[in-house]
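Structure, as C-alpha cells:
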Amino acid sequence: MHSASGGASAAKPAPARLARAEGAVFLDAYEAILKGVLESQVPVSVVAAPRRAPFERLQRVANEPEHARVLARHQVELLVGGDAARAISLACACVRGGRSAVALVPNDELVRGADAVLRASESFVNPEAGLAVLFEDDPIRVPGCCPRRIALGAGLPTIEPTDLSSLRSSIEWALRLSRAAGKPVAVIMHRALLQSADTIEARPNRVPGSVDELILSRRQRHGPRAGEALDLVRMARRLEVDQLSALPSPGEREFVGFLTVGPCDRALMHLLDEFGLAGRVPVLRLGMISPVDDSILTRFLDRVQHAVVLEPRPGSVVANVIEVAEVIRRRGHRTAKLWWTDMPPLEDGEVLDLRPGDSIHPSLLVRKILHLLHQARPNAQIGLRLASQRGMLESIKLPIRAPEGGGAETIIREQFAALDQELRTDSVSHDADEIHTVLALDELPAPGAAARTVLCELWKRARFIEEGAASILQAARDPAPRIIAVLDFIPGTDPDLERLASAAVPANAADRVIIERVSLHDPAAVLDRLRTAAYRSGVSVLFFHGVDARGGESTVEADRLGYPPQQRLVWPADLACELRPQLAPHRIENGLERGATPIQGEFTKSDAPRVPGVVRLTMQTLLEQVEVTRSKAPWSAVARLGGRLPTTRPLHAEQGIWRAHLAGIRAIGESGVADILADAGRAMGYRVEIGWDRSLVGLGRMAWAQVTFTKLRVADARSPCAGIIPYGEADLVLGVDAVETLRALGPDPLLRVADAQRTAIVANDGALEDQLDQESIRRCALLFNAAQISCVGTRRVVADLASRARNELLSERLLDVALLGLAFQRGFIPVTIEAIESAMHAFEARGFGRSFEAFCFGRSLAEDTTTARRITEERESVNGVISRLTFELVRERFGGRRRAKRFRQHATELVRRLNATRAGALDEATVRLAVTALHRTLVWGGSRALFQYEELLGALIEADPEGRLACAAAEPLAEAMLPRDIFYVLSMTTSLEQRRRIRERLVVRGSNGDKMERRYLNRIDLAIATRRYRLDFRSNDWPAEIVRVLRPLIPWTLRGDSRDRAIRAWAIDFARRVTANFKADPRLWLARMEQFAAISRDGGLRAIDPIELRIAVEGV
C-alpha cells in the first residue's frame, strides 16, 4: 500500500463523525440530532430525553469516546432519564438559567409531555435562550395521539423535517424561532426518520477545531437580518424552511399541485423523478406547519386548480392551511380546491382516500394520485410502469407481528386459561354446596356470582409505570381476591417495578399484598405460582421475566463470542436407535428436534378406565438432553476457505442506484448487519442510506433493514430517492427468517420489494430454533415457491441454510453474515472484496465475533447450498464400520471381547456374501446399514438375535443372487426385529456410538476445552384399578447401567409390547415366505419386499397396526 503522493508517511486519522466540518458524513437520526446541536450557532447546553425507546440510542452515541470529547468541547450536557415530562422540566430549567436546550418526547408519553410543554410555554421569559421540543410521531404504535395536533393546540410554532439533513438543520431553526417567539418550538420527527441513517453534507460546528473550519463557518452562516428577529414568518423565509418548486407563471394555473409535509415530500419527489414529471408539477414543501406562511401559500393556491395536501396523518395539518386559504379568499384572491383525506374523483366518480402512512410510501401514494399525474402528463402511460399485482403472494395469510412481549403474554394467557379450566373441572367433582373458584381475566364480573371469582389482570411494563401504584393501592383496599401479572423483561432497569409496587402498598393492608418474581423459563412453576395465588384471599403481584424476543443476555453473549457458550438440545431418546443417523434438517422437518427447552420432571394423577384385578406398570425413556459448555470458539476450517475462492464481477456494477432488503436479521446495533453493507458502500464512494424496522419477530431478530447505494452527488441537499424501497425495486432480498422474507415478497402491503425481472434472492427457508412448531415449519416451506414467482430465476438461492449454519458454525446467529458472503460471491452486491472484507473486520472489532469466518463460510456455500456436512458414517468404509463397532463392543464390561470377536467374524462373512452377488458389490451405504443392523441385533438380543438376522438375510441372498431382496430387506427387517423398549433405548442412548454421533453433531472437542453433559427424562406409569399414576423424572445414566445388567435376564417374550411382538413375528415369517416363494414369482415378492421397506422408512413400523401392515404389504 502507498499514498497517492508516493510518500510513506501515515495518513492523518479522520475526525469523528460529529466533528466533521465538510464532505459527506454517514449519520443515523440520533447522531444527526447531536450534529445539529453542535452546528447550531445558538449555543445548546442541555439535551434532555427519557431513558426509553426510541431514545435509548442517544445515550449510546454520546458515550462513544470520540463523540463525548466533541460534546464536552461544546459544553453540551446530555441528561437521559425519567419520563417526557421530566425531560421538558430539565430543559425549561436550563432555559430559565439563560441557556438554550433541546428536549425529546416519545409519542406514547405525549399526553404527559403536553402538560409539561404548556407549563414551559407559560414560564418562558428569557428571549436570549431557546427551547426546541422534538416530538416523535409513530402512527403505527400510537395511532390515537398525534403530536402535530398537540403542538398546534398548545400554540407552539412547529417545524417538520423531511429527511435527516433537514432534521439536523431543524435544531438551529427551532432555537432561532423559539428566541424570536418567546416560546418553545416543536419539531415533529416521524418514525421513519428515527429508524434511518443517511449520508449528508457536514457543516462546521459552532466551536471550530481549526482555522480552516472557522473560515468555512463564516462563509456558510447566515445570521438574522435587522427587523426579522421577532417575526417568525420572515425568519422562516430567511432560513428557507418552506420551499416552492415548479410554480407556473403568474396568470397560469396547473390542474393539480401538491402540498407536502415531512417525509411525504420524499415519496412524492421520487414519483415525479421516476415518471419524468419533475419541474412540471407544482410542489410546496411546508417545513413550518405553524404558523403557515400566507405569502408563499397565496402564490401556490393561486396557480393550481386542485391542491392535494400530503401528510403522514391526513387531516392533522390541513386545518391551518384551510384557515389561511379562507383569509386569502376573503381578500379576493382565487384559491385552489383543497383535498387531504379524499382525492379528486376518478372519471367514473370513484373517490380514493388517503390513510395514515399512504403518503410516505411511494408505491401506495402513486396508486392514489395516478389519475392526477395523468392530467399533468397524459402521454406518460404511468400505469403501465407500476409493479403488477401477484394475487397468490398477496393472499398468503401470515400472523401479525407480535408486539413487544407478545410471546410471553401468550404464555401467561395460556397458563391462566389452563388454571381456570383446572379450577372449573375440580368444582364439578366436589359437592354442589361447596363454593368453587373461577378466574376472570381482564374483566369485572357482575356482583352476586355463585362462584368465588379471582380478578386477574395482565400488565405491560409501560402501563404499570403509569398506573401501577394507584392500582395496587385500590386493590389492597378491595376485599376481592386479585392477581396482577406484570411483564417485566429487563430487570434492573429504571425504574425498578418491584420497588414501585412495594412503595404503593398501604401500611394498613400490607398483610394482604404479596409481591413475587417468577421466571417464564419454567412453565410448570408459572402454573404453580398462579394456582397458589388463586387460592389466596389477598392481592398477588407477580412480575414475570425470562422470555422475550430480544433473547436477553444469552444472545448478546453469543453474538459477542460468535458461538453460544452454553448449547442445549433436546430430542427423543429413541433417536439413538436409528440405523441411519438423521441430520438436523430431517429432525426439524419431522418434529424431532426440540430446540433448547430444558426437560422437567412431573408427577400426575388421573382417572383411568376400570380394569378389575389388573395392575399395569410401564417404564420408558422419553427424551435426551445434551448440554455443551464451551470456553473457546469451536474448531472450524471454513475461515481458510474464503481466501482461496475467486471473486465474481458484480451484476449491478454499472447501476446508479442499488437497493437491498434484509429480512429477519439479528437485532444488533441499530440496523444489524446492514452496517456491514453501509461501511462497504461508503468505502466504494457510494451515498448510503439505511432504513429499518426494529420490531422483534423472534429470538433476538428484527423485522427488516433496507440499504440503498447511490452514486454520490456533490452538494445535493435532497436525498436522491425514496427512503423506502418501492414495489419491485429491490435488487437483492437477503432473508434469514423465512417468514419475514415471505412477508417482504407479497403479503405485507408496505413491502412487496421483489420483481421477477430484477430481484435476486439469497434466503434461508429452514426453521430457526424458535420456529420448530409445525405451523411455523409450514410457513417456512412456502418461501421456495414464492421466490420462484417473484425473483429472477438465475439469481435465486433458497435453501435450508439455517441447518448448514448450525452444523458448520454451531450457531444460526451467524447466518445473516453467512448469507452476505453467499450473495457477494454470487455477484449480487456491487462492492469489491477489499471493501467488504474491511467492513467485515470492522464489524467484528465492534464486538461481533467470528463474523469474518461466517462470511468466508457463506462464500464457500455459493458453489453448493444443498449438500450438508457429511458425517463420519457416510464417508466411512465398510471395514472401518466393522472395526469401529468391534471396538465399541470391546469396551463393554461383561463379555465384551468375546462378543466383539463373534461380531467381527459374522460381519465379515455377511459383507463377503453381499459383495458376492451377481450384480457385484452393492453400494456401500446398503452394506454399511446391514453391518450396523447386525451390530444392533447383538446389542438388542445377544448372539441368538444376531444369528437369526444373519440367517434371514443370508437366505434372501441365496433366493435372489442379484442382491435385490437383501438390499430392500436389510433395513425393514432390522427395524421389525428390534422393538424400541426401555432396554434397547437405554442401551443405545448410552452407547459409544451415540456419544460419538452427538460429539460430531455438536463438534465437541475435549482438546478445545468443551464439556458435554447428558440428561434423560424417564417415565414410570402405574395403573391400579381406576387410578393412574405417572412420574416423569430426570436422571443421568444410572438407569442405563441397571438395564445393562438386567437385559440378558429378560426373556424375548417380555421384550416390547404385544404390537411389537406381533410385528416381529410377522416380519420373520414374511422373510421366510419370500425366500421360499421368490423363484416362483420374483416380481411379486420383490414388490412386496420393497413395499415393506417403504413403510419402514421414516419410522412407519412404530405406528402401524400388525394387521394393517400385513394388508399393506401382502394385500390380504
Checklist entry - Where does each of THR158, THR989 land when they are ranked from fewest to most other beta-carbon atoms within 10 angstrom? => result THR989, THR158
Checklist outcome for this item: Check: C-alpha center the range 67-106 vs C-alpha center the range 253-313, spacing in Å is 35 Å
Next on the checklist: Between helix 674-683 and the chain, what is the angle of the helix's C-alpha long axis to the longest principal axis, kept within 0 to 90° and rounded to the nearest 10?
Outcome noted: 60 degrees
Checklist entry - Dipole size in debye (nearest 20) for the range 17-234 around its Cα centre, Lys and Arg Cβ +1, Asp and Glu Cβ -1? => result 420 debye
Checklist entry - Which order, highest average first, do 966-973, 753-760, 856-863 follow once you tally other Cβ atoms within 10 Å for each residue and take the mean per peptide? => result 966-973, 856-863, 753-760
Checklist entry - In the range 267-348, what GluC sites (Glu not before Pro) fall in a loop by DSSP, with at most 12 other Cβ atoms inside 10 Å? => result GLU347
Checklist entry - Nearest 20 debye, what's the magnitude of the dipole of the chain about its Cα centre given +1 on Lys and Arg Cβ and -1 on Asp and Glu Cβ? => result 2380 debye
Checklist entry - Measuring from a point 7 Å past the Cα of ILE396 along Cα-to-C-beta, which residues in the range 785-822 have an amide N at less than 11 Å? => result 785-791
Next on the checklist: What do you get for the angle between helix 406-429 and the principal long axis of the chain? Use alpha-carbon atoms, 0 to 90 degrees, nearest ten.
Outcome noted: 60 degrees
Checklist entry - Given the rule -39500 (n - 2.57) for each run of at least 4 DSSP H residues, summed and divided by the residues of the chain, what is its mean residue ellipticity at 222 nm, to the nearest 500 deg cm²/dmol? => result -13000 deg cm²/dmol
Next on the checklist: Taking the beta-carbon count within 10 Å as an exposure proxy, list ASP1105, ASP242 from fewest neighbours to most.
Outcome noted: ASP1105, ASP242
Checklist entry - Counting Lys +1, Arg +1, Asp -1, Glu -1, what net charge surrounds VAL304 among other residues with beta carbon under 14 Å of its beta carbon? => result +3
Checklist outcome for this item: When the charge dipole of the range 638-861 is computed with +1 on Lys and Arg Cβ and -1 on Asp and Glu Cβ about the Cα centre, the Cα farthest towards its positive end, among THR759, GLN788, PRO646, belongs to PRO646
Checklist entry - Which of these values of mean projected area of the Cα convex hull in nm² was calculated from the structure shown: (i) 47.5; (ii) 58.0; (iii) 54.1? => result (ii)
Checklist entry - Of the peptides 97-108, 334-345, 251-262, how do they stack up when ordered by the mean number of other Cβ atoms within 10 Å, highest first? => result 97-108, 251-262, 334-345
Checklist outcome for this item: If the chain between ARG616 and SER502 were fully extended at 0.36 nm per residue, the gain over the current Cα-Cα distance would be 35.8 nm
Checklist entry - Listing THR794, THR532, THR937 from the residue with the fewest other Cβ atoms within 10 Å to the one with the most, what is the order? => result THR794, THR532, THR937
Item to check | Relative packing of 722-733, 386-397, 685-696, which averages over residues the other C-beta atoms within 10 Å, highest first | outcome: 722-733, 685-696, 386-397
Checklist outcome for this item: Treating only Lys and Arg (+1) and Asp and Glu (-1) as charged, each at its beta carbon, one finds that the range 638-861 has a dipole about its Cα centre, in Debye to the nearest 20, of 500 debye
Checklist entry - Along the positive direction of the dipole of the range 17-234 (beta-carbon charges: Lys, Arg +1; Asp, Glu -1; about the Cα centre), which of GLY130, ILE171, PHE26 reaches farthest? => result GLY130
Checklist entry - What angle do you read, to the nearest 10 degrees and between 0 and 90, between the alpha-carbon axis of helix 362-376 and the longest principal axis of the chain? => result 50 degrees
Checklist outcome for this item: Between the alpha carbon centres of the range 943-982 and the range 739-779 the gap in Å comes to 45 Å
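Bear in mind these aren't lab numbers, they're just calculated from the coordinates by the rules spelled out. If you're wondering where the values come from, they're calculated on a predicted model, not measured in any experiment. With ideal geometry, Cβ positions are generated from the backbone for all residues, glycine too; neighbour counts draw on all protein chains shown.
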